[in-house]
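Here is the structure we will look at.
The values are calculated or read from the model by the stated rules, or taken from the named source; none is laboratory data. Every value quoted in this text rests on a predicted model; they were computed, and no experiment measured them. Neighbour counts run over all protein chains shown; Cβ positions are idealised from the backbone, glycine included.
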């Protein structure tokens, strides 16, 4: 996935982080503990993930996703900047791509040469690549690491603002940190110092200028690339992991919330939260004070009677929905009972796992999900649901096998 708001199971920067963490935990004797920033700059997007990690030596890590977001600006923007500089140099010589046979084809060849030159600069200080356009003679694309740094710098400055916003958003996943105004008041230097590891993933992230830029800003963090595999392959490695997802929790629910009720025509249902829907946009939310998901009834529900709030997990790449059962001291039940009335029904979800349900009579029910787990149909069984108002805990059970193998 190249955009963190997508509805697929695990975002690509999260998968890249899983790949690195799994290898490091299995290969090394030291404990891994701290906050990981995954910086995944590919051809078209910059994707950021913030992970909280703990792993004992030779053990699979426990990974909590605190935030993950993406923007549509990465390697392609650099290629366009190189192309613009190339055209300016041509214009100084009285040569214009618009006057060449099939100008767009000529530009495509220049972009290809620009990408090749850019890749060469990961190991060389200078690059010279023939354009290869057969219909006219065009000068080679010449690029130095210094000139590439100048081209990349404005983009990195814009990206850095996005990174800081995502790190601020990560604070909202911590219990007790639900106010954007409080998070905004934290100095940028303090936000950057919360990061223990910076992980570079994605082909464009291998550009030396990016590593140097990040190293200058994350002075307290270790900077790493995923070893032994190419940057783009690291994402595939992470997506292929299966055992690690038992110990991975997300920053938003991977399941649907429904309201269900009976009518003379049969059972009715209304989905009030779609699995993986983001709670907010990190850049937009910094201008307000809301970092939660809200759903309010706008006339879709009955004004009398009773219903039930149910939850269903969604298998990756499948349309099958698996009901999640709740349980308490008295036994198992399908969901949270609600009443319909003339007041607006409200569902509020927060990154820290808190859930508030306000029904049509004005009654509120508060729940807390200890973590938003990765639920993959038959693979997992348990999530922990605690009643925040009564300070009591109950187990919610996904039908079939175990989600978490340990006692809570």
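Quick one: count up the residues across segment 113-132 that are touching a helix residue (DSSP H, G or I) at 6+ places or on another chain (Cβ under 9 Å) and not in a loop (DSSP other than H, G, I, E, B).
Residues meeting the conditions: 10.
Scan 39, 58 and give me the residue that is within 15 Å of the chain's Cα centre (by Cα) and either surrounded by 18 or more Cβ atoms within 10 Å (Cβ to Cβ) or free of Cβ contacts under 8 Å to residues at least 60 places away in the same chain (or both).
Of the residues listed, the single one that is within 15 Å of the chain's Cα centre (by Cα) and either surrounded by 18 or more Cβ atoms within 10 Å (Cβ to Cβ) or free of Cβ contacts under 8 Å to residues at least 60 places away in the same chain (or both) is 39.
Within segment 42-55, how many residues are surrounded by fewer than 18 Cβ atoms within 10 Å (Cβ to Cβ) and under 30 Å from residue 119 (Cα atoms)?
Count: 2.
Among the residues of segment 192-220, what is the count of those that are closer than 20 Å to residue 65 by Cβ, at pLDDT 90 or above and in a loop (DSSP other than H, G, I, E, B)?
Total meeting the criteria: 4.
Out of 96, 86, report the one residue that is at pLDDT 80 or above, buried (at least 22 other Cβ atoms within 10 Å of the Cβ) and more than 23 Å from residue 276 (Cβ to Cβ).
None of the other options fit; the residue is 86.
It is to be established whether one or more residues within segment 207-221 are in contact (Cβ under 8 Å) with a residue 12 or more places away in the chain and under 19 Å from the mean Cα position of the chain (by Cα).
No - not one qualifying residue is present in segment 207-221.
Considering only residues that are in a strand (DSSP E or B) and over 20 Å from residue 214 (Cβ atoms), look in segment 35-59 and name the one that is modelled with the lowest pLDDT.
Step by step, filter segment 35-59, then rank; the result is 55.
Spot the failing condition for residue 162; the list is (1) in contact with a helix residue (DSSP H, G or I) (Cβ under 7 Å, 6 or more places away or on another chain); (2) within 17 Å of residue 87 (Cβ to Cβ), and only one is missed.
The number of the failed condition is (2).
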